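Every number in this text was worked out from the coordinates using simple rules, so none of it is lab data. Every value quoted in this text rests on a predicted model; they were computed, and no experiment measured them. Cβ atoms come from the backbone with ideal geometry, glycine included; neighbour counts cover every protein chain shown.
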Amino acid sequence: MAGIRPFLRRQDAHSAYLMLAALLLSLTLVADLAFHRTMGNRWFVWVLLVLCLSGSFATLLLGRRVPRWVGTAAVFLFMIAQVYFLGLANDSASVIASVQQLPVVAFYLGWFVRPRFAMTLVAVSLVSFGAVMLRNPLFSADGAIGVPVAVHALLVMLFCYASGTYLWRRQVRIASTDPLTGAQNRTGLTDRLEYQLRKRAFSRAPLSVVAVDFDNFKQLNDTRGHAAGDLVLSRTVTAWKDAIRSGDSVTRLGGDEFAFILPRATAREAQVIVDRLREVSEQPWSWGIAQALPGESADELLARADAKLFAWKRVRRARDERRARDGRPPGRESGSP
């Protein structure tokens, strides 16, 4: 067992699932070869067994380096094999074994394949398997297997696909969410902003990004403690989420730095939204607004918003220094140039 541990540590969820699924299918094929005496085309089962065992062993060696296309290719191979086995009109044991294997691949499609492509594959699978079952007399009303088994198999396949999709969405949500505030993290910001920019390329709708930096937040942490600072951030994000429009998003870039993605908003409309969000904030903050330009990348758009934010902070710093030299208190307002 100690010798296999380094290989197990190389695995991620995708490679572990592929390895175990291939091993499971290998065991079912071994059982078929050992106990299914009347099975025809045993050579085909042997070929599938060699492929499954080789795939499981290769995945064990490669671990997380296994590319996603390998799993997708295995799904296509599985679909071809299932169409063959489900169509066997004189071999009810092989047909039932094939029906029992459908959830394994359906779950993989839901968890590890992008939703649009996965939905296409699931739809093709349901149509293909349903058509083969419909033509197989074993699944007829008077057949040895019957209609209910076919219906149950397809429904269980859909259920496993939905379960895998739920896990995929949950994994994405956890990976893209800041645990302290519940806002998006930088990974979530990049994915969402790139999606909005691609969408904007077709719709030409305006898109604005707001870079946010809290004022005197270090002083808050130093005087009241980091727990108090964390509480201010958490409560502020909650208030922001209640005040922003549907479709807008709040991202925590790190520390007290945030960003808003505002689809369908010009720079002027973004300013109106910012004013509303300032009213519900406990701590004052400064911001910079950048409206997306044609052909602009996510990094370039964020950089422009950051540049406007820090340009304004430099203006405020210089103004406060002049006030200090004149013996006047520093300005209390926050804002953007």
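Just a few scattered comments:
- The relative contact order of the stretch 186-325 comes to 33 percent, based on Cα pairs under 8 Å that sit 6 or more residues apart.
- Alpha-carbon centroids, the stretch 291-318 and the stretch 132-165: separation in whole Å: 57 Å
- Here each label is just a point 7 Å from Cα along the line to Cβ, and for Val50 and Arg135 those points are 2.8 nm apart.
- Rounded to the nearest 500, the helix-only mean residue ellipticity at 222 nm of the chain stands at -22500 deg cm²/dmol, with each DSSP H run of n ≥ 4 adding -39,500 (n - 2.57).
- Gain on full stretching of the segment that runs from Arg235 to Leu155 - 0.36 nm per residue minus C-alpha separation: 24.4 nm
- Stretch gain in nm, segment Ala175-Ala303, where the contour uses 0.36 nm per residue and the Cα spacing is subtracted: 43.7 nm
- Ranked by the mean number of other Cβ atoms within 10 Å per residue, highest first, peptides 119-130, 221-232, 86-97 order as 86-97, 119-130, 221-232.
- Computed on the chain, with alpha-carbon pairs under 8 angstrom and 6+ residues apart, the relative contact order is 13 percent.
- Counted charge near Arg68, where neighbours are those whose Cβ lies closer than 13 Å (Asp, Glu -1; Lys, Arg +1): +2
- Efficiency of FRET from Cβ geometry, Thr187 and Ala227, R₀ 22 Å, rounded to 0.05: 0.25
- Translational diffusion of the stretch 186-325, µm² s⁻¹ [Kirkwood Rh, Cα pairs; Stokes-Einstein; 4 °C; 1.567 mPa s]: 82 µm²/s
- Stretching the chain fully between Asn90 and Leu77 yields a gain of 2.4 nm (0.36 nm per residue, less the alpha carbon separation).
- Helix runs (DSSP H) in the chain reaching 20 Å along axis by Cα, Kyte-Doolittle at least -0.5: 13-35, 42-62, 68-86, 92-112, 115-135, 147-175, 226-243
- Those residues of the stretch 125-151 whose amide nitrogen sits under 16 Å from the label point placed on Gln100, 7 Å along Cα→Cβ: 145, 149-150
- Radius of gyration and maximum dimension Dmax of the chain, Cα, Å: 28.7, 100
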